Amino acid sequence: MLKLISAAPSPYARKVRIALAEKGIPFELLTEVPWDSTTSSPKHNPLEKLPVLLLEDGSSVYESSFILQYLELKYPQHPLLPPDVDGILAARKFEVLCDGLCDAMVLTFFERLRKDAASPEWVARQRRKIDGGLKEIARLAGQRTWMVGNSFGLGDIATGTVLGYMSLRFPEIEWRGPYPNLAALSDRLEQRASFRASVPVAQTIADKIV
């Protein structure tokens, strides 16, 4: 059976958890705090990041976007990408935007941990990325039921997980009012079994990292 090393609040890991569930692929979930010395991530990923997908032969696949590509190619049942090139590119564009948003939020989260030493200019730069990314995602989404095409897929997973992470880590960012289309999409997605089973939860980081 596949094993997924995950962090409870991670939107990157949540993407993979949802994809595995939607494709009906059995897996064992292993939850860690990747920043603590107890993490096993260095054994399986030279970049020491989660998520990591452990294969049955003991090898590993890492980086969420590559794991999703691996799953799509190795487990073509219940595809999460459209059959046409334009659809695939549109879905990948949403993933790029959402990953960039997540990157900016994670950078902000750790910068804030520096307290008095935190750089206001750095935080402001990341906030511009967050605001700009949200605006563009909402514009591209429009009033459609699904982000790309007429069915659930990668674009919805990427968008739903970034909105869920924002609600967890950055409740001060008001996005529901300005972007009612994203709010409606998030509410629909969070009713799916794969989303309900992977609600992000904050973790306590024990080791000093900043």
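Coordinate-derived values only; no laboratory data. Here the structure is a predicted model, which means the values were calculated and not measured. Quick reminder, even Gly has a Cβ in these numbers, built from the backbone with ideal geometry, and neighbours come from all protein chains shown.
Based on alpha-carbon atoms only, what is the radius of gyration of segment 2-74 relative to the globular estimate 2.2 N^0.38 Å?
0.99
Taking a ≥ b ≥ c as the square roots of the eigenvalues of the Cα gyration tensor of the chain, is the shape rounded (a/c under 1.5), prolate (a/b larger than b/c) or oblate?
oblate
Counting only C-alpha contacts under 8 Å and six or more residues apart, can you give the relative contact order of segment 85-192 as a whole percent?
Contact order relative to length: 32 percent.
Magnitude of the Cβ-charge dipole of the chain, K/R +1 and D/E -1, about the Cα centre, nearest 20 debye?
For this selection, approximately 380 debye.
With viscosity set to 1.002 mPa s and temperature to 20 °C, compute the Stokes-Einstein D of segment 85-192, Rh being the Kirkwood radius across alpha carbon pairs; µm²/s, no decimals.
Approximately 149 µm²/s, per Stokes-Einstein.
What's the FRET efficiency of N150 with I25 using the Cβ-Cβ distance as r and R₀ = 30 Å, to the nearest 0.05?
So the FRET efficiency works out to roughly 0.80.
Express in whole angstrom the spacing between the alpha-carbon centres of segment 144-189 and segment 110-134.
For segment 144-189 versus segment 110-134, the Cα centre distance is 22 Å.
Which listed residue (S6, P51, A21) has the Cα farthest towards the positive end of the charge dipole for segment 2-74, taking +1 on Lys and Arg C-beta and -1 on Asp and Glu C-beta about the Cα centre?
A21
Can you compute the charge dipole magnitude of segment 29-120 about its Cα centre, using +1 on each Lys and Arg Cβ and -1 on each Asp and Glu Cβ, nothing else charged? Give it in debye, rounded to the nearest 20.
Charge dipole of segment 29-120: 220 debye, to the nearest 20.
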